Amino acid sequence: DASDIEKGTYPHYMLKEVDEQPAVIRKIIQAYQNEEGKLAIDYNITEAVSEADRIYIIACGTSYHAGLIGKQFIEKMTEIPVEVHVASEFTYNMPLLSKKPLFIFISQSGETADSRAVLVSIKALGHKALTITNVPGSTLSREADYTLLLHAGPEIAVASTKAYTAQVAVLSILANVTGQFRNMEYGFDLVKELGIVATAMEALCDSKEEMEDIAREYLSVTRNCFFIGRSLDYYVVLEGALKLKEISYIQAEGFAGGELKHGTIALIEEGTPVIALATQAGVNLSIRGNVKEVVARGANPCIISMKGLEEEDDRFVIPEVNELLTPLISVIPLQLIAYYAALHRECDVDKPRNLAKSVTVE
Ligand code: AGP
């Protein structure tokens, strides 16, 4: 109940929830550790995921964006193929299902009607479902075979922040534990890496002034903003664009760097803000090439890179974390930029127009 949760000294729930992210990651590490300090989840869940010949992730909005990252984790750490679907489209054109599918529903609230409709239809076909949710006892949790909890604490702001990072973290643990169950070693100590992530998150939460400056400089007067990224950064920029549009009402879109030349670049005008993420070594040169292309057409670039990959004119450099886990931290500057852009435009940050916290109609 929103009225029970105090904002404390925070002006908005969103800012409080952004700041809670390092603590949420630490809580998740604890909640998913066994007595020996090893990551562990319910044996039945590990077995069900492990036995699937294909995983179908179903979600909406921000939870869908977390699912796109989850696919990468699961495929890399378990070698099980994964498809990610927007719930509202899934029922119209259900893909041909594999012989032993497992469905993973990602939903902060556990009440999203579009996702529930898919759950009902796949249960009717006799398939198994795992729900990853923040709300124990929610509809999607009760109606699925298995549940993994996010441990993020109540999320009140309509714009999802800590639930997203919690979803990404829990998906990394699910992938890692399932991979080990299948005798595959991804070759990193996830407990240690998530600890590094939590510390990096703290540093980013302390960079509010820099993010407010970026919002003021790039987003005060513009009517649109583009976000670009490649590889994992592409999925994070989709989330950055959603955050910005839902609370600041600036028209924003996230694009894969390589797709720009296939159409979007036509939208670049003198002064158009383009926020680029550069946290992936393998695509660092190409994303920087894309930035040069938009700059040549007049764009106002804002490169947010990761330590070790940074170049002189980058606007902000995030601390270094394991390359696979960068979405957990690169999203924080984007959350904060959206927050300050909305604040400067005097928008209702916690309750944006036309939106509800959980969408219980199809
Ligand atoms: C996120 O900022 C949005 N408000 C929205 O996209 C949300 O993630 C979506 O409606 C899904 O909600 P759920 O996770 O509760 O199912």
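Values quoted throughout were computed directly from the atomic coordinates according to the rules given, and no laboratory measurement underlies them. Here the structure is a predicted model, which means the values were calculated and not measured. Cβ placement follows ideal geometry from the backbone for every residue including glycine, while neighbour counts extend to all protein chains displayed.
Can you work out the base-10 log of I(q)/I(0) for region 171-242 at q = 0.15, 0.22, 0.25, 0.29 1/Å, using the Debye formula on its C-alpha atoms alone? Log10 of I(q)/I(0), two decimals: -0.78, -1.12, -1.18, -1.19.
Taken over region 160-291, lysine pairs spaced eight or more positions apart, or on distinct chains, with alpha carbons under 21 Å apart number 6.
When each of the peptides 87-97, 326-336, 34-44 is scored by the mean number of other C-beta atoms lying within 10 Å of its residues, the order from highest to lowest reads 326-336, 87-97, 34-44. Taking only the C-alpha atoms of the chain, Rg followed by Dmax gives 19.7, 58 Å.
Past 31 Å, Cα to Cα: identify those pairs from Lys38/Lys128; Lys38/Lys76; Lys7/Lys76; Lys292/Lys357, in the order given. Beyond 31 Å: Lys7/Lys76; Lys292/Lys357. Across region 25-40, rounded Karplus estimates of 3J(HN,Hα) from the backbone phi angles (6.51 cos²θ - 1.76 cosθ + 1.60, θ = phi - 60°) give 4, 5, 5, 5, 4, 5, 5, 9, 10, 8, 4, 7, x, 8, 5, 8 Hz, Gly and Pro being marked x. Summed over qualifying helices (DSSP H, 4 residues or more, each -39500 (n - 2.57)) and divided by its residue number, the chain shows a 222 nm mean residue ellipticity of -14000 deg cm²/dmol.
When you count the other C-beta atoms within 10 angstrom of each residue and take the mean per peptide, 227-233, 246-252 line up highest first as 227-233, 246-252. Note on region 315-362 and region 11-42: Cα centroid distance 18 Å, given to the nearest whole angstrom.
Taking the centroid of alpha carbons for each part, region 115-164 and region 207-253 are 28 Å apart. Scattering from region 197-324 was approximated by placing one identical point on each alpha carbon and applying the Debye formula without solvent; log10 I(q)/I(0) at 0.21 1/Å stands at -1.36. For region 268-362, the convex hull drawn through the C-alpha positions has a volume of 162 cubic angstrom per residue. The charge dipole of region 91-162, taken about its Cα centre with unit charges on the Cβ of Lys, Arg, Asp and Glu (plus for the first two, minus for the last two), comes to roughly 280 debye.
Beta-bridge orientation, the chain: approximately 5 percent antiparallel, per DSSP, counting only bridges with both partners inside.
Assuming a ≥ b ≥ c are the square roots of the Cα gyration tensor eigenvalues, decide whether region 62-111 counts as rounded (a/c under 1.5), prolate (otherwise, with a/b larger than b/c) or oblate. It is oblate, given that a/c is not under 1.5 and a/b is not larger than b/c.
The mean sequence separation of alpha-carbon pairs under 8 Å and at least six residues apart, normalised by the residue count of the chain, gives a relative contact order of 20 percent. Which shape class applies to region 124-264: rounded if a/c is under 1.5, otherwise prolate when a/b exceeds b/c and oblate if not, where a ≥ b ≥ c are the square roots of the Cα gyration tensor eigenvalues? Note, shape of region 124-264 comes out prolate. For region 140-180, treating each Cα as an identical point scatterer without solvent, what Debye log10 I(q)/I(0) comes out at q = 0.29, 0.30 1/Å? Treating every Cα as an identical point scatterer, log10 I(q)/I(0) equals -1.02, -1.04.
Sorted from greatest to least, the principal axis extents spanned by the alpha carbons of region 115-189 come out as 38, 36, 17 Å. For region 308-352, the gyration tensor built on C-alpha atoms gives an oblate shape. Its axis ratio a/c (a ≥ b ≥ c) is at least 1.5, and a/b is not larger than b/c. The order of the peptides 67-77, 261-271 by mean Cβ neighbours within 10 Å, most packed first, is 67-77, 261-271.
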